[in-house]
Structure formats: structure tokens, C-alpha cells
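Chemist: Got a structure for you, questions after.
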Amino acid sequence: MTYPAPRMLIGGVWCAGETGRTQAVVNPATEEVIGQVPLAAPGDLDRAVEAAVAGFAAWRATPVAARTAILRAAADLVTARADRIARVMTLEQGKPLAEARGEALRVADALRWDADDARRAYGRIIPSAGDTLLSVRHEPIGPVAAFTPWNFPAGSPMRKIAAALSAGCSIVIKASEETPGTAVELARCFQDAGVPDGALNLVFGEPAEVSAHLIASPATRLVAFTGSIPVGRLLAAAAGAAMKPSLMELGGHAPVIVCADADPVKAARRAAFAKFVNAGQVCTSPSRFLVHESLVAEFTAEFVRAAEAVVVGDGLEEGVTMGPLANERRLKAMEEFVSDAVSRGAAVLTGGHRLDRAGYFFAPTVLAGVPADARILLEEPFGPIAPIIPFDDLDEALAIANSLPYGLAAYGFTRSAATAERLVTGFEAGILSINHCGGSVHEAPSGGVKSSGYGKEGGPEGLEGYLITKRVSHLLE
Ligand code: NAD
């Protein structure tokens, strides 16, 4: 299959943009240019917002059961086209085909969940004086401006599109210019399922230009972003200046605490598996491994074994379990993290370098003896590097875990229910897993605390951000 030419979807029409400006799309496994993504001009963005206003009017007027049926049909199309979507995703982002296919199937399921949940967006009647009827009702907030990154080319856009459309909103989404093809494939499923023109608009462009334009536009009512903390701060500030609510799904630097009573081999295997999924480019990826000193030798040996068993290669090849990094920036960032740590005295136990071949491949890496001021322990790594740090006191480990501004995910391993509870209450994070490093499940809310952002995706909480609440007091005469 060749890579399909990406287009923007504005008001139900697939288009190339007014100016014809484009940006190259690169296959990270080969460094070859596989396509050109169109970049929106201000006029394109204005048309997208106008379309979203018209699309909102049509979509919110569609009865909720009909909306759910259309969205479920779109989910079925995503499922039916999962192989194609997965190939596009692997070509543009690099992840192994099986991982890409799993992502496509998961987003279809997430869409079904949100679509069904919209039917339960209940209001309530409140007991009040006999002559008034006091009620609370929920309504869609309006056209949404959304911005998503490249690490989950299906997952990130779908979480925003599914929540917005399920709630009855329209949306203008700027998916990543580095992984546009997957977003195009998803948008086609919605269009083919019968979502009205303008309810879903997909644009690409120069990110700062597009976000400034869409956030300032009076017609957009909500800003939803997934990406880095610095960009999140910019967009949240712009949304605040325009007095619009925002949902911010930002980065993390997830600690893993392996307590003295844990099984070090099981903990190492589970943590290493999670570390190298998507080449570590996951906001909830475990990234600081705090291991009780009595277990550190066994844990480290097993972790290194697991790292060396990872099969790195082109995600289209059979048997590959980790693809390249998604872009050259991440490769450079990994090289800098390792050289900084080594210059401060850390030891590279395995990996630590790019692979000697075309493509942005970096070897699964384990570091020991990393000092507390090394950059890898302070900044989100977003790549396949695992620093292992021994501790002797659980309070001290929790203090290290909570010492950064991040608060997205945290993981603990222990056989004691009491210690597990100490971890759950002690971790400053929005997503916790005990004795595993499981991925997100759409029926439960995901989201961070502290600088990792605010707002939730998934669970009944996921729709809340896309709804407004009206209090209605009706004097009965
Ligand atoms: P970046 O911080 O420049 O970009 C992150 C994302 O934000 C990209 O998708 C980009 O297109 C978008 N973006 C950038 N400026 C924007 C703007 N002004 N308006 C709207 N969107 C904008 O850098 P990057 O190299 O793409 O990623 C670097 C870091 O971002 C990673 O190390 C990681 O920490 C973080 N990140 C987090 C997630 C996540 O899921 N939370 C996803 C991707 C990247």
C-alpha cells in the first residue's frame, strides 16, 4: 500500500488549502519523504470555523439516539479499516504494525463508549418550593478547537473527536503535521458514517499560527490540547485571554517504585514492557525506576535482559517489537540525555546510542548510577531510556517521585495491601497502577495533576468538559 495524499476536511470537502503550501511527511524508519501535508492559510481556518458553526447547528439538532447510531457506524468503519489505518500509522509514525492495529481497534472502542455515554448525560430535578420547578441540564458547549500530537496518531485525535461529537459539539481539529494520514483515515470513517458536513473539520498548518487563529476566533468555545507542557501553557494562556475553558493533557515523568516486598523479576518485566511500548513516546511511560536497594541487582539484571530482547526495526517487518523514534528531534534528545547522564557519572548498562542504519532508531537503553541532577531525571524523556535508582526508605522514594512538577502517571510494585494504599495516597499523579504498568482504558478517566494539566479523557468525566451546565428555575403559573 502506498501512503495516501493527506488533505484537509473543511465543511465536508477534502481540500488542499488556499495557498497550496505543504510540508513533507517523513517515514521515520527510512527517512524517506512519503507525502506532502497541506498547510492551512488564515482563510482556510476561517472557513473551517464557519463550517463548524453550521455543523454544530445541524449536529446538536440531531436526536441523541441518531447521533449515537452514526458514531457507532463510524466506529464500525474504523474497526473494518483497522489494517489500512494501521499501515498508514506505521508508515508515518514508525510503531510496529501490531501496536498500530491495536491502537486503531482501541479508538473504535473508545468512540463506542463515548457515543453510548452521551445517552446518559442526565440532568436532574431538584426539590424546590411548590410553585417552581428547579432543574439542571447539560448541553454541548459548541464548536471545539483541538490540537493533537504525533505519538498516538489515532488515539489522541479520536479521544477529542469522540468526546466532542458524542457531546453534540462540532470540532475543528489540527492533528499533527507529522502524522496526518491516520487522522485523515479516521475523518473519512466519520464522513462515510454520515456525520453532517462541518461537524468534523480536520486542518493542518503551522501549529502556532493555527492555534492562535482558532483560539482567538469568537465562535470556538473550548480549547482541547494534548502535547508538551510548554505548549500547553501557551495555549491555556491564550484560551484564558479569550475567556474559554481548556482541557490540557500534557506530559509526564512517571515514577515506578519497586518496594522491598515486591517480586523484582515480575516488576522488571512489566516495567520494561511498558517502557519500550511506542519507543517510550507515551506521556504515561514509566520513566524513573526507584527500586529498593535489596532488589536492585535482580531488578536491573532482568530489566537489561528485557531491553536486550526488544526487536528494534521497521514497524512493517514481522517480529519487530519497537520501531524508530517518530522524528529526528527525539533521536537528538535521546543522544543528549545519555551524554549528559554519562558526563555526570552514570553508567550505560545497555544501548545508549542510535542504530547504525537509516531511520531514527535508538537502542533500548538502561542507565545506572544516574545522579539526581542529570537531565534524564528532571525532564520528560519521551524515549526508550530507563534510569534505575536505588532507595532504602519508602518515604524518601515517594519524595523523589513527587519532587517534579509533573503529575500524570505513577506505578508501584508491592505485595502488601497497606503499602499499596500508602503509594496510592502518597503519589501526586492522576493515573496510578499497582503491580502493573497498564495502559489507559476508556471507561475510566485519564488526566494529570500539577503541571501535567487538567481535564479528563475517558469515563463519564470525559464528556463533562464538552458540556455546559444550565440551571433552570421555572415558576409554574
Ligand atoms: P513540541 O512541544 O513543539 O510539540 C508538541 C505538540 O504540540 C506537537 O504535536 C506540535 O505540533 C504541537 N504544537 C507545538 N506548538 C504548538 C502551538 N503553538 N499550537 C498548537 N500546537 C502546537 O515538541 P515535539 O518535539 O513535538 O514534542 C516534544 C515533547 O512534547 C516531548 O518530549 C514530550 O515531552 C511532549 N509531547 C507530549 C505528548 C503527550 O502525549 N502528552 C505528545 C507529544 C509530545
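Laboratory data are not the source of any read-out in this text; all were calculated from the coordinates shown. Model, not experiment: these values are computed from the prediction. In this analysis, Cβ positions are derived from the backbone assuming ideal geometry, glycine residues included, and neighbour counts consider all displayed protein chains.
Chemist: Would you mind checking which residues have amide H under 5 Å from Leu222's amide H? H placed 1.01 Å from N; only 5 or more apart, or other chain.
Modeler: Counting only residues 5 or more places away or on other chains, the set is Ala145.
Chemist: Considering only C-alpha atoms, what is the centroid distance from region 272-301 to region 331-401, in Å?
Modeler: Distance between centres, Cα-based: 10 Å.
Chemist: Taking region 260-322, which chymotrypsin sites (Phe, Trp or Tyr not before Pro) meet the DSSP loop condition and have no more than 16 other C-beta atoms within 10 Å? Present the calculation step by step, with values, prior to reporting the outcome.
Modeler: Working: sites: Phe273, Phe276, Phe289, Phe299, Phe303; in loops: none.
Nothing satisfies the criteria.
Chemist: Please list, in chain and number order, the residues 5+ apart from Ser287 or on another chain whose amide H is under 5 Å from its amide H, with Hs placed from the backbone.
Modeler: Ala254, Val256
Chemist: Using a Förster radius of 35 Å, what is the FRET efficiency between Val441 and Asp131 based on their Cβ-Cβ separation? Nearest 0.05, please.
Modeler: 0.15
Chemist: Taking the convex hull of the Cα atoms, report for region 231-274 its projected area averaged over all directions, in nm².
Modeler: That works out to 4.7 nm².
Chemist: Where a Cα-Cα gap under 21 Å defines reach, which lysines qualify for Lys450, not counting those fewer than 8 residues away within the same chain?
Modeler: Lys244
Chemist: Additional query: Before rounding to the nearest 500, sum -39500 (n - 2.57) across all DSSP H runs of length at least 4 in the chain and divide by the residue total; then give [θ] at 222 nm in deg cm²/dmol.
Modeler: Calculated mean residue ellipticity at 222 nm is -12500 deg cm²/dmol.
Chemist: Then there is this: Using only alpha carbon pairs under 8 Å that are at least six residues apart, calculate the relative contact order of region 389-454 and give it in whole percent.
Modeler: Relative contact order, region 389-454: 37 percent.
Chemist: Here's a follow-up. Counting only Cα atoms, I'd like the Rg/Rh figure for region 125-267, Kirkwood definition for Rh.
Modeler: Result: Rg/Rh = 1.13.
Chemist: Let me ask something else. Using only alpha-carbon positions, what ratio does the radius of gyration of the chain give when scaled by 2.2 N^0.38 Å?
Modeler: Here the answer is 1.00, to two decimals.
Chemist: Further, regarding this structure: Filter the GluC sites (Glu not before Pro) in region 245-353 to those in DSSP coil with at most 14 other Cβ atoms within 10 Å of their Cβ, and list the result.
Modeler: Glu293, Glu317, Glu318
Chemist: Translational diffusion coefficient of region 312-356 at 25 °C, 0.890 mPa s, Stokes-Einstein with Kirkwood Rh over Cα pairs, in µm²/s as a whole number.
Modeler: Stokes-Einstein gives a translational diffusion coefficient of 205 µm²/s.
Chemist: Which one, Ile85, Asn27, His436, is farthest towards the positive end of the dipole of the chain when Lys and Arg carry +1 and Asp and Glu -1 on their Cβ?
Modeler: Farthest along the dipole direction, towards plus: Ile85.
Chemist: Give me log10 I(q)/I(0) at q = 0.22 Å⁻¹ for region 1-140, Debye formula, one equal scatterer per alpha-carbon, no solvent.
Modeler: -1.25
Chemist: Shifting gears a bit: Taking a cut-off of 22 Å between Cα atoms, list the lysines near Lys95, but don't count ones fewer than 8 places away on the same chain.
Modeler: The reachable lysines, counting only those whose Cα sits under 22 Å from Lys95, are Lys160, Lys174, Lys275, Lys332.
Chemist: Here's a follow-up. If I take every Cα pair under 8 Å that is 6 or more residues apart in the chain, average their sequence separation and divide by the length, what percent do I get for the relative contact order?
Modeler: Values: 1138 pairs, mean separation 86.3, N = 477.
Contact order relative to length: 18 percent.
Chemist: Two decimals is fine: what is log10 I(q)/I(0) at q = 0.22 Å⁻¹ for region 360-460, from a Debye sum with one equal scatterer on every Cα and no solvent?
Modeler: Values, matching the q order: -1.39.
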